[in-house]
Amino acid sequence: MSLTDPVSDLLTRIRNGIDSKHESITLPSSKLKLEIVRILKEEGYVANYVFNRDNKQGTIQITLRYAPGKSPVIGSLTRVSRPGCRVYARKSTIPSVLGGMGICILSTSQGLLTGRQAQERGLGGEVLCTIS
């Protein structure tokens, strides 16, 4: 199975896992997906993640995070830049998600960063997705 957009696949699997109230989800790994999941963990949107090596590309097991009452911490995951329509932002035009309550993830020359980190470093880049 060849995927043209691994980031959309990652976001969809997380969304489906949350909708189904799963404790954790497992998906094929890539450097880009690992970086996105690392940011989600740092920002408190997922409880934990584990990279499992195998003979192929490896897998990522993500432990989803829920607030008391089994309500998901992640309200929305939205893909912004797509393979058919790339979206870039200068350091001055990085989008604010939910008035600063959410995050956007950018692909910059210094790797994947949140919108806040990119602004602090004075960087722009491709807006991959927004999370709130």
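Any read-out appearing in this document is the output of simple, stated calculations on the displayed coordinates, not a laboratory observation. Just so it is clear, the structure is predicted and the values come from calculations on it, not from any experiment. Using ideal geometry, Cβ is built from the backbone for each residue, glycine included, and neighbour counts are taken over all protein chains shown.
Figures for the structure shown
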{"item": "Qualifying residue in the range 85-99 (condition: under 12 Å from the mean Cα position of the chain (by Cα), β-branched (Val, Ile, Thr), surrounded by 13 or more Cβ atoms within 10 Å (Cβ to Cβ) and within 30 Å of GLU23 (Cα to Cα))", "result": "no"}
{"item": "Among the residues listed as ILE60, ILE39, ILE25, the single one being within 18 Å of SER76 (Cα to Cα), of a type in the set (A, V, I, L, M) and free of Cβ contacts under 8 Å to residues at least 40 places away in the same chain", "result": "ILE25"}
{"item": "Verdict on VAL73 being of a type outside the set (Asp, Glu), under 18 Å from GLY125 (Cβ atoms) and surrounded by 12 or more Cβ atoms within 10 Å (Cβ to Cβ)", "result": "no"}
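This table checks each residue for (1) free of Cβ contacts under 8 Å to residues at least 40 places away in the same chain; (2) under 17 Å from THR130 (Cα atoms); (3) in contact with a Leu (Cβ under 6 Å, 6 or more places away or on another chain).
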| residue | (1), (2), (3) |
| --- | --- |
| PRO6 | yes, yes, no |
| LEU10 | yes, yes, no |
| LYS33 | yes, yes, yes |
| ASN52 | yes, no, no |
| ARG65 | yes, no, no |
| VAL73 | yes, yes, no |
| THR93 | yes, yes, no |
| VAL97 | yes, yes, no |
| GLY102 | yes, yes, no |
